[in-house]
1. Show me the trypsin sites (Lys or Arg not before Pro) within the range 48-115 that DSSP assigns to loop and that have at most 14 other Cβ atoms within 10 Å of their Cβ.
2. Return 34, 71 ranked ascending by Cβ neighbour count within 10 Å, so the fewest neighbours appear first.
3. Determine the dipole magnitude for the range 22-136: charges of +1 sit on the beta-carbon of Lys and Arg, -1 on that of Asp and Glu, nothing else is charged, the reference point is the Cα centre, and the result goes in debye to the nearest 20.
4. For the range 67-142, which chymotrypsin sites (Phe, Trp or Tyr not before Pro) pass both filters: DSSP loop (anything but H, G, I, E, B) and at most 15 other C-beta atoms within 10 Å?
5. Quick check on the exposure proxy: order 79, 57, 47 from fewest to most C-beta atoms within 10 angstrom.
6. Taking the simple approach of a point 7 Å from Cα along Cα-to-Cβ for both residue 97 and residue 133, what is their distance in nm?
7. Give or take rounding to whole Å, what are the principal axis extents of the alpha carbon atoms in the range 22-136, in descending order?
Amino acid sequence: MIKLIDILKEIGEISSQPYEYSYDGPNYRAYFTTEYDTKYKVIFKMVDGRMNISFGVIYDSDDDPDYEVITNKGNIYRVMSTIINILNRATSEFKPDEIKFDSDNRRIKLYKNYIEKNLKGYNITKETPFNLLFQRNSPISK
């Protein structure tokens, strides 16, 4: 018998296989497509040592992500595993001092669980209903 506490412990674990993705570091973006042909775009912008992260679904050819859509395809674990992989790759490459993750208040707790458990080298320093702020654990030696 599965207990609710066991299900809640799973939230934030990235044991699900991530999707294959294309990574374009110089242009601060990555793309992936799910088995349901849902296309995602991940955007990471560097501003004064802070990396701003956002992602959404792409529906048309203009490449602008829809940040509000809820797909309800049952693949949230694989989607979040992919986002975490991309985020860890981008932070390893660009080494930001801070990371800001924006979302809506319906999803921010889910994202917090994933990012907090799986983002290497950063701790959460601020949480609001619409964003999370993470700071590097130790300064980068130069």
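Read-outs throughout are calculated quantities, based only on the coordinates presented, and are distinct from any laboratory measurement. What you see is a predicted model; the values in this text were computed from it and never measured. Here the Cβ is made from the backbone with ideal geometry for all residues, glycine too, and neighbour counts use every protein chain on show.
1. Numbers: sites: 50, 73, 78, 89, 100, 106, 107, 109, 112; in loops: 73, 106, 107.
Listed in order of number, the matching sites are 73, 106, 107.
2. The order, fewest Cβ neighbours first, is 71, 34.
3. Values: 18 positive and 17 negative charges, 126 e Å.
Taking the Cα centre of the range 22-136 as origin, the dipole is about 600 debye.
4. Those that pass, being in a loop and sparsely packed, are 67, 130.
5. On the way: 79 21, 57 17, 47 10.
Final ranking by Cβ density, sparse to dense: 47, 57, 79.
6. Using points 7 Å along Cα→Cβ, the separation is 1.2 nm.
7. 35, 30, 20
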